[in-house]
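K.L.:
My structure is below; once you've seen it, I'll send some questions.
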Amino acid sequence: FRERNDDSEDTELRFVTCQSLWNQIKSETEQVQEDLNKQLFDNLVSFLRRSHSEFQEKTTKWTCQVKSREIPTAALVLGVNVTDHDLTFRSLSEVLQDNITPYIALLEAKDCPGIKNLMQKLMGKLMNCYTDVNSLEDEDYVQVSQNRIRCSMTSLINWYENVTKKADSETSSKKRTSSSRHWQSPPVVVIFKDMESFNTKVLQDFIVISSQHIRELPLVLIFGIATSPMIIHSLLPHSVSSLLCIELFQSLSSKEHLSTIIDKLLLTAQFPFKLGEKVLQVLINIFLYHDFSVQNFIKGFQLCVVEHFYSQPLSVLCCQLVDAKKRVNSLSHDQCENIRRLPSFRRYVESEASEKQIALLTADNFLKEIIHKLLEDLHVYHENYVSVLRCLHVFTSSLPKYPLGKQIRELHCACLENRVWETEEYESCLQLARMLNKSDLVTMLQQCVEIFVSSSGKEFGKTIEKLKEFLTQFQKLEAEAFQEQDVSVSSQKELQKKTDLYRLQKTLLELKESRRSKKLTKFEMLRFEVVDYIDSLVRSYLVPADHKTLHEIAYFNTASVLRGHLNAAPRIALHTALNNPYSYLKNQALKSNGGGISNKAPDICVVYKLHLECGRLINLVDWLEAFSTVVNAAEGPDADAASSDQVDDIIHARFIRAVSELELLGFIKPSKQKTDHVARLTWGGC
């Protein structure tokens, strides 16, 4: 914000507003993720408590497991969104440390290429785990931790016995409170973060060795699985997998996780910042077609927040309604002019009378009064939009084939894109809704009543009364429905009595004609009335956001900017950085005039621009001479000749380093045809 070259006097305020808003969003996302993982973590804690109690109490079940040397193992299926696993395991470790045991080791495949490396990493992690406030003050513990310990299972068992005995002696000397976090002999939890990436031989050796010492060490394994639980049997032979007592745990799918995040961040009036349809679609497409990562979606959302406050001077009003009204009163004349330039505000001015148009374009005080009202209208629009959207989703999500999508985010994108009631998918939804049965309609109406009752919108009092009236009418139809059912049963019995084929065909034709000509039943009329009423709510409240005045203040719509940040184009970025370093470094000395090569540019930039002028093979001697000419351009002909040899050596070394960096980036490679030449690998412009 501060580096931007603009004359805006509220840059600091925008920065503070952006920071405050993002802190609120970050806190909300963390709470959502904690709530979503709570059930999974509770199940894992329960599993570890059972495993621990069975080891500690020496029950019959545990004794049977010990005889068969089975290790309690949790197979945790997290899905293919690998980038989210770090946060999940970090949160899981914190939960286990708070409730079960301080002895937790999180292992990654890249750190454990062999069984020796695995044992070293395991013991290092476990000994680092045993550090709390009391132990840091204990000189004996620090001294022991500084000793070199042989990395073996025997050493690990001896260490565990020592630390548990020490913990027991400390608790016996002090009064043990009932709120103690850990058990008397807590288990040792080993988490294999990315099980599929581990060397099969390493896993087999570790499991076999651990099963032989399960009597002395209460070991519990947790396998982090990205694909399928069957990977355990693919990696481990039956002789090894039979040593594990496996229990399966399934995390919430990333799609459901994303839907909850969107629901809490975007489909709410709590946060004034919103995403436009194209921007939201870019983030969702990256999620669906690249990585399924919720964390990357949140990072993209953060980028949108920063970019909006950075590029939109009027984003200072993108805050809670009370604060926005206070800030409107302190708007300067230049900021009022910025508001007058907004396309949505210009449309609003054009729709007003000529006298009001003049006042809006000339009087700042009158403009501020109108902005107060427009901001309040925008806030009310968001409250009403969310409630009606949820009500519409209740209907569309229960229809076959989901014309407007199964997830509410798909319906939200459709409503942001254009008037949803003008689309073919919406017409299809209405037609299907007019064929719903009574029980489904009653259930949907009850859900809609709950949505509107819990809504923060103040305009839904009559809507709630109308929906309750529909429910009452459906209840009144119950008795009539039973009577009609009795009549239809009697008519069917009459048909069954007629055995003559001619008479039967004649009766069926008469029934068919009567069905064509008969009027709609009361239920069908009421069903049409309900669907038409929901349709009227959609047309009133689900107007696209870009049709609302001052939507530019709250909505970020620059999808091209976001796409440029998130969709990597490494070759273009490299070419820009090497061909025009000023675009990144912002150093005035690096500005090139007419495509010339500046001697102030980094060496690799000079070498790169020189190589663009060459053909398929580049002579290194000629390249060095050209590089030396560019670098020495500023020294002139009167340079000190005594140190020329030293200068040549330095320039030669700089050239070799620059060429090596260019080869590392993949622009050139050594040539087998000529030893003093290199081959060029890239062609064409970016």
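K.L.:
Taking every alpha carbon pair in segment 265-368, what does the distance histogram look like in 10 angstrom bins from 0, in percent?
P.N.:
Whole-percent P(r) values from 0 Å outward: 12, 34, 29, 17, 7, 1.
K.L.:
Continuing with this model, one more query. Compute the FRET efficiency between Asp676 and Asp546 as 1/(1 + (r/R0)^6), taking r as their Cβ-Cβ distance and R0 = 56 Å, and round to the nearest 0.05.
P.N.:
After rounding to 0.05, the efficiency reads 0.35.
K.L.:
Sticking with this one: Percent of accessible area on segment 396-477 owned by carbon and sulfur, 1.4 Å probe?
P.N.:
Solvent-exposed carbon and sulfur of segment 396-477 make up 47 percent of the total.
K.L.:
In square angstrom, what is the accessible area per residue of segment 360-488 with a 1.4 angstrom probe?
P.N.:
That works out to 52 Å² per residue.
K.L.:
At 7 Å along Cα-to-Cβ for each site, give me the label-to-label distance between Ile651 and Asp364 in nm.
P.N.:
Computed distance between label sites Ile651 and Asp364 equals 6.0 nm.
K.L.:
Rank these by accessible area, largest first, 1.4 Å probe: Thr576, Thr227.
P.N.:
From most accessible down to least: Thr227, Thr576.
K.L.:
Separate question: Run a plain Debye calculation on segment 210-261 (Cα atoms as equal point scatterers, no solvent) and give log10 I(q)/I(0) at q = 0.12, 0.17 Å⁻¹, rounded to two decimals, same order as the q list.
P.N.:
Rounded to two decimals, the profile gives -0.42, -0.69.
K.L.:
Looking at this model, which pairs from Lys125/Lys299; Lys26/Lys110; Lys255/Lys278; Lys278/Lys406; Lys609/Lys669; Lys274/Lys548 are more than 22 angstrom apart at the alpha-carbon?
P.N.:
Beyond 22 Å between Cα atoms: Lys125/Lys299; Lys26/Lys110.
K.L.:
Once you put a point 7 Å from the Cα of Ser197 and another 7 Å from the Cα of Lys373, both along the Cβ direction, what distance in nm separates them?
P.N.:
6.0 nm
K.L.:
With a 1.4 Å probe and every protein chain left in place, tell me how much accessible area Thr362 has, in Å² to the nearest 10.
P.N.:
In the full protein context, Thr362 sits at about 100 Å².
K.L.:
Taking the Cα-to-Cβ direction at Thr507 and at Gln24 and moving 7 Å from each Cα, how far apart do the two end points lie in nm?
P.N.:
7.1 nm
K.L.:
Note the full-extension length gain between Glu352 and Asn43 as 0.36 nm times their separation in residues minus their Cα-Cα distance, in nm to one decimal.
P.N.:
Computed gain between Glu352 and Asn43 is 105.1 nm.
K.L.:
Right, something else. Evaluate E = 1/(1 + (r/R0)^6) for Leu574 and Leu87, where r is the Cβ-Cβ distance and R0 equals 41 Å; express this FRET efficiency to the nearest 0.05.
P.N.:
E between Leu574 and Leu87, to the nearest 0.05, is 0.85.
K.L.:
Using r as the Cβ-Cβ distance of Ser253 and Lys299, and R0 as 22 Å, what FRET efficiency do you calculate, to the nearest 0.05?
P.N.:
Calculated transfer efficiency: 0.65.
The values are calculated or read from the model by the stated rules, or taken from the named source; none is laboratory data. Since this is a predicted model, take the numbers as computed values, not measurements. Glycine gets a Cβ as well: all are built from the backbone with ideal geometry, and neighbour counts include every protein chain shown. With ligands, DNA and RNA removed, areas are computed over all heavy atoms of the protein, side chains included. Shrake-Rupley method; radii C 1.70, N 1.55, O 1.52, S 1.80 Å.
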